[in-house]
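Take a look at the structure below.
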Amino acid sequence: MTVSSLVQLRSVRCCWSLPRWQMNCHNRTVALWTSVTVQQILTHKKLAELSRISMCRPPILWGTGWLGKAALSTTSTGPKEVMLTSERYGVQRLPFSRVSDSDLAFFERLIPSRVITDPDELKPFNVDWLQSVRGCSKMLLKPQTSAEVSEILRYCNKRNLAVNPQGGNTGLVGGSVPVFDEIILSTALMNQMISFDRVSGILVCQAGCILENLNQYLAELDFIMPLDLGAKGSCHIGGNVATNAGGLRLLRYGSLRGTVLGLEVVLADGSILNCLASLRKDNTGYDLKQLFIGSEGTLGVITAVSILCPPKPKSVNLAFLGCQSFSQVLGTFTTCKGMLGEILSAYEFMDDKCMKLVESHLKLSKPVTGCPFYVLIETSGSNSAHDEEKLNSFLEHAMTCGLVTDGTVATEDKKIKMLWSLRERITEALTHDGCVYKYDISLPVERLYDLVIDTRARLGKTAKNVVGYGHLGKLGTIPGFLL
Ligand SMILES: Cc1cc2nc3c(=O)[nH]c(=O)nc-3n(C[C@H](O)[C@H](O)[C@H](O)COP(=O)(O)OP(=O)(O)OC[C@H]3O[C@@H](n4cnc5c(N)ncnc54)[C@H](O)[C@@H]3O)c2cc1C
């Protein structure tokens, strides 16, 4: 298998050493106080050139996300100029061909009126969601079928043209946009549902289906998608699989490595790999689809997904609680796991600094105040009386033993959505506050918040804010560093 014409620059894996432990993080942005090593995932002769990452703070104008505006209903002021990735990191263009008039003619014949070359139209597709990296692609292709993707990749492979697959462009590590003039292959028009089996709960759809649309489609049939994340209004299921996205439901339904049952992928030479099984148990041969989950477009373009969807819970409760310390956040987690058992579906924490940013930049208000930490606990079950009884007895216990100092519970859909937006929109709030260095890190749960405290101490006044929040339920957090 050749990957020569698929884009060669994907998420940069930084290894950042703090005095007390080592951690791995995925991010393309580079903090000026850290030492950074870069391991590009794909092979290339000029790989060494990519590791010359500038250690200086880049002179980028950071602003609110206009891509985010389209995607997440933010209130932004419009696009700001983002420095070219190639200039910022001083990387060299690899020896790929440049798009010629005859290439353009080929693509226009293949997918008429779905070839974008207008520089203004191309702008949002060249910049990532965080507005931290920018490429200068001169062509965006919007295929509708796997056969078209296959023709495109076969041609690009022959012509040695670099390609950058793109879904909803909500990725936070810059992998969704080109570095140079790679052709952007968008899955935006590959948005067809292929089948849904009400007995097994197995959905088969094209890779460009927007996560929220899938969820709405399933809700009418009393099912839900097994994943949910703040970017749901824009991200594509193919992008979710390509990034192995976790999200808010991971605690309950597990990772995509378990819920994705099959994939159809077009490889770099145009051949179509059909692993689109719809079997919950499939012990025949190699599980090739696993290679593509989390591969970020480096091995091929995912064109269709088969995924196991759980029934829609009949009763959902959401508690928003305040805790006085991180050890109480942990104690509350342990206690609720024990007392809520099978109905616990999400456990998220956020520190007070995050909440202040959400309040000041997005004008959302939280129902509980005066605590350094807040947690969101969601229960999903099939019997509301039973679930409420369990939740109430847990809350009573947590309050009595001082784990939680204040809180509120929502059972109505509208209030639940409102409370969830306090958590889901933190990423967006951060982008309103300046230049964001955002790390998605997994650490032993009892050490999680030490990271934020240590970083604060280490950065001192250099950082405007150092915040911590995330899916504690899956033993990870996402601290955001604002400079
Ligand atoms: C507000 C917000 C909240 C988020 N919350 C979470 C979270 O809770 N958990 C989490 O894990 N992530 C989270 N993310 C990041 C998450 O990874 C992405 O939002 C999402 O999974 C990417 O999907 P996308 O369609 O936007 O892909 P893109 O951003 O377009 O692409 C992401 C990567 O996948 C590749 N790719 C895209 N489509 C395909 C395809 N069909 N075939 C092959 N490669 C492809 C791209 O080349 C790129 O490398 C969040 C992002 C935002 C903005």
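Every number here is computed from the coordinates shown, using simple stated rules; none is lab data. The shown structure was predicted, so the numbers you read here are calculated from the model rather than taken from an experiment. Don't worry about glycine lacking a Cβ; one is built from the backbone with ideal geometry, like all the others, and counts go over all protein chains shown.
Report the percentage of all Cα-Cα pairs in the range 315-482 whose separation exceeds 22 Å, rounded to a whole percent.
So the portion of pairs separated by more than 22 Å is 41 percent.
Given the pairs K337/K438; K314/K414; K314/K390; K314/K337, which span a C-alpha to C-alpha distance of over 18 angstrom in this model?
From K337/K438; K314/K414; K314/K390; K314/K337, over 18 Å: K337/K438; K314/K337.
Between Q192 and K337, what is the label-point separation in nm under the 7 Å Cα-to-beta-carbon projection?
For K337 paired with Q192, the spin-label model returns 4.5 nm.
Where in the range 213-233 is the amide nitrogen less than 16 Å from a point lying 7 Å along the Cα-to-Cβ axis of K417?
Flagged as within label range: 213-220, 229-233.
Would you mind checking which residues have amide H under 5 Å from K438's amide H? H placed 1.01 Å from N; only 5 or more apart, or other chain.
F481
How far is it, in nm, from the label point at K314 to the one at A147 when both lie 7 Å from their Cα along the line to the Cβ?
4.6
If R0 is 22 Å, what FRET efficiency do you get for T405 and R447 from their C-beta distance, rounded to 0.05?
Approximately 0.40, to the nearest 0.05.
If you keep only loop residues by DSSP, which trypsin sites (Lys or Arg not before Pro) in the range 325-421 have at most 12 other Cβ atoms within 10 Å of their Cβ?
K363
For L364 and S271 in the same chain, what is the full-extension length gain: residue separation times 0.36 nm, less their Cα-Cα distance, in nm?
28.6 nm
Using 0.36 nm per residue of separation minus the Cα-Cα distance, give me the extension gain between A385 and L110 in nm, one decimal.
My answer for the length gained is 93.2 nm.
If the label point is 7 Å along Cα→Cβ of M83, which residues in the range 167-204 have backbone nitrogen under 19 Å from it?
Label zone hits: 173-175, 177-181.
Hey, with R₀ at 45 Å, roughly what FRET efficiency would H397 and S102 work out to, going by the Cβ-Cβ distance, to 0.05?
According to the calculation, E is roughly 0.05.
Given a Förster distance of 41 angstrom, what is the FRET efficiency for S327 paired with A219, based on the Cβ-Cβ distance and rounded to 0.05? Intermediate values should be presented prior to the final figure.
Numbers: r = 38 Å, r/R0 = 0.93.
The formula returns an efficiency of 0.60 here.
Would you please classify the overall shape of the range 124-217 from the alpha carbon gyration tensor, given that a ≥ b ≥ c denote the square roots of the eigenvalues, rounded means a/c under 1.5, and beyond that prolate means a/b larger than b/c while oblate covers the rest?
Oblate, since a/c reaches 1.5 and b/c is not below a/b.
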